[in-house]
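The values are calculated or read from the model by the stated rules, or taken from the named source; none is laboratory data. Not measured: the values here are computed from a predicted model. No Cβ is skipped: glycine too gets one built from the backbone with ideal geometry, and neighbour counts run over all protein chains shown. Calculation scope for accessible area: heavy atoms of the full protein, side chains included, ligands and nucleic acids excluded. Shrake-Rupley method; radii C 1.70, N 1.55, O 1.52, S 1.80 Å.
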Amino acid sequence: MVIFILVLVVIFGALIFVVQYQNSKQLEGVDNPYNKTDLKQSTIDQLDDEIYQNQILPEELASKLDNGDDVTVYFYSPECVHCQRMTPVLVPIAEKYGVDLVKLNLLEFENAWAEFNIERTPTMVHYEGGEESARVVGEQPQSNFEDFFEQEVLAEE
């Protein structure tokens with residue numbers, strides 16, 4: 001019985017090592033904006049995807065807000081089905097309107113949920129002068145995002 005348990009422990013240890021090794025190999029030669037190497041697989045899968053570029057780290061966002069900057073942030077999780085449907089719709093709209101939409105991956109930075117008062121994903125927040133001025137929560141029709149950019153983000157400029 002003891003030998004069986006030892007074998008299981010060794011197998012699980014080897015499996016963990018192999019997965020970590022594969023993840024580190026996947027990160028080689030890829031732009032990793034997260035400043036950490038223990039990324040979840042769903043995040044790793046998005047590293048080369050154009051629509052998931054322009055990432056912001058929680059400490060960078062906090063600094064911008066402390067400085068009173070204007071910023072529009074898309075809070076999402078790579079594992080959220082609503083985010084998976086909305087990101088390919090939302091990002092091109094932001095580009096069409098010339099909005100510098102930064103993205104914050106809540107799967108990788110779980111403390112950001114509380115820090116930025118996010119209750120569910122996807123959530124897009126516009127900060128004006130470092131203070132929240134508008135928010136869109138959940139899966140929305142395309143027209144709602146267009147209205148958000150026109151009325152909340154671009155109207156402030």
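With a requirement of 1 or more residues that are of a type in the set (A, V, I, L, M), the helices (runs of 4 or more DSSP H) lying completely within region 56-157 that satisfy it span 58-66, 81-96, 112-115. Please tell me if A134 is touching a helix residue (DSSP H, G or I) at 6+ places or on another chain (Cβ under 8 Å), under 19 Å from Y52 (Cα atoms) and not charged (D, E, K, R). For A134, the condition - touching a helix residue (DSSP H, G or I) at 6+ places or on another chain (Cβ under 8 Å), under 19 Å from Y52 (Cα atoms) and not charged (D, E, K, R) - is not met.
Taking residues in region 73-101 that are within 17 Å of G138 (Cβ to Cβ) and among the hydroxyl-bearing types (S, T, Y), and partners anywhere that are part of a loop (DSSP other than H, G, I, E, B) and open to solvent by less than 10 Å² (accessible area, probe 1.4 Å), the pairs with Cβ atoms closer than 8 Å and at least 6 places apart or on different chains are Y74/P122; Y76/L106; Y76/P122; S77/L106; T87/P122.
Looking across region 34-76, the residues that are open to solvent by less than 70 Å² (accessible area, probe 1.4 Å), out of contact with any helix residue (DSSP H, G or I) (no Cβ under 6 Å at 6 or more places or on another chain) and more than 25 Å from E131 (Cβ to Cβ) come down to Y34, K36, L39, S42, T43, L47, D49, Y52, Q53.
Looking only at residues in region 86-140 that are out of contact with any strand residue (DSSP E or B) (no Cβ under 6 Å at 6 or more places or on another chain) and of a type in the set (V, I, T), the one that is surrounded by the fewest Cβ atoms within 10 Å (Cβ to Cβ) is V89.
Pairing residues of region 129-157 that are closer than 15 Å to L101 by Cβ and of a type in the set (F, W, Y) with residues that are part of a loop (DSSP other than H, G, I, E, B) and open to solvent by less than 80 Å² (accessible area, probe 1.4 Å), at Cβ distances under 8 Å and at least 6 apart in sequence or on separate chains, gives F149/Y97; F149/V99.
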